[in-house]
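The values are calculated or read from the model by the stated rules, or taken from the named source; none is laboratory data. As the structure is a computational prediction, the values presented were derived from the model and not from experiment. For neighbour counting, all protein chains shown are included, and Cβ atoms are generated from backbone atoms with ideal geometry for every residue, glycine included. Surface areas here come from the heavy atoms of the whole protein model, side chains and all, with no ligands, DNA or RNA. Shrake-Rupley method; radii C 1.70, N 1.55, O 1.52, S 1.80 Å.
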Amino acid sequence: MKRKKILDFGCGTGIYARILTKKGAIVKGFDVSEEMLKIAKKENPKLDIRQGSGYKIPFKEKFDIVIACLVLDYFEDWDKVFKQVSKALNKDGIFIFSVGNPVSECCKVIKVKGKKLRILGKKDYFNEAKNVCTLESC
């Protein structure tokens, strides 16, 4: 990671920016949420962290790596996002991203002996309409 230029796409509170900076990377980040950015800037006062959208990345420079952790699910047009990421990457750059796991989203929570357990229903896994949970049920 030393000296790698990394863009933290949807940096949230800046947790990955902090970890990568400690490993010697040169990290910049952006997020759409003002509240998350306040936390990120407080936690990472020396980093260039800006407000912006994945549909229009607020940096003109090129990066060796772009990371997007659990962010892409918030976008309807992934093609548009991928074009923006492509513009932000060096020729041999790498895009690393993660999305939510559908298994965790199609379960129900039950209580057994006072403990909350998540139960995955076989027939509900492929039914998108039922694969939505609220904060109370997850």
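Miscellaneous remarks
- For the residues 117, 47, a 1.4 Å probe over the protein chains yields an accessible-area ranking, largest first, of 117, 47.
- The range 1-57 shape via C-alpha gyration tensor axes, a/c threshold 1.5: oblate
- FRET efficiency for the residue 98 to residue 46 pair, using the beta carbon distance and R₀ = 41 Å, is estimated at 0.95.
- Charge dipole of the range 1-61 about the Cα centre (unit charges at C-beta), most positive-ward option of 27, 55, 40: 27
- Efficiency of FRET from Cβ geometry, residue 55 and residue 117, R₀ 41 Å, rounded to 0.05: 0.55
- Debye, to nearest 20: dipole size of the range 2-87, +1 on Lys, Arg Cβ, -1 on Asp, Glu Cβ: 680
- Each residue of the range 9-25 was assigned a 3J(HN,Hα) from its phi angle through the Karplus expression (A = 6.51, B = -1.76, C = 1.60, θ = phi - 60°), giving 7, x, 5, x, 7, x, 4, 6, 4, 5, 4, 5, 5, 4, 8, x, 7 Hz with x at Gly and Pro.
- Qualifying GluC sites (Glu not before Pro) in the range 1-83, where qualification requires a DSSP coil assignment and no more than 12 other C-beta atoms within 10 Å, comprise 61, 76.
- Sites matching trypsin sites (Lys or Arg not before Pro) across the range 2-47 that sit in DSSP coil, with at most 13 neighbouring C-beta atoms within 10 Å: 2, 3, 23, 46
- The range 27-67, dipole about Cα centre (Lys/Arg Cβ +1, Asp/Glu Cβ -1), debye to the nearest 20: 140
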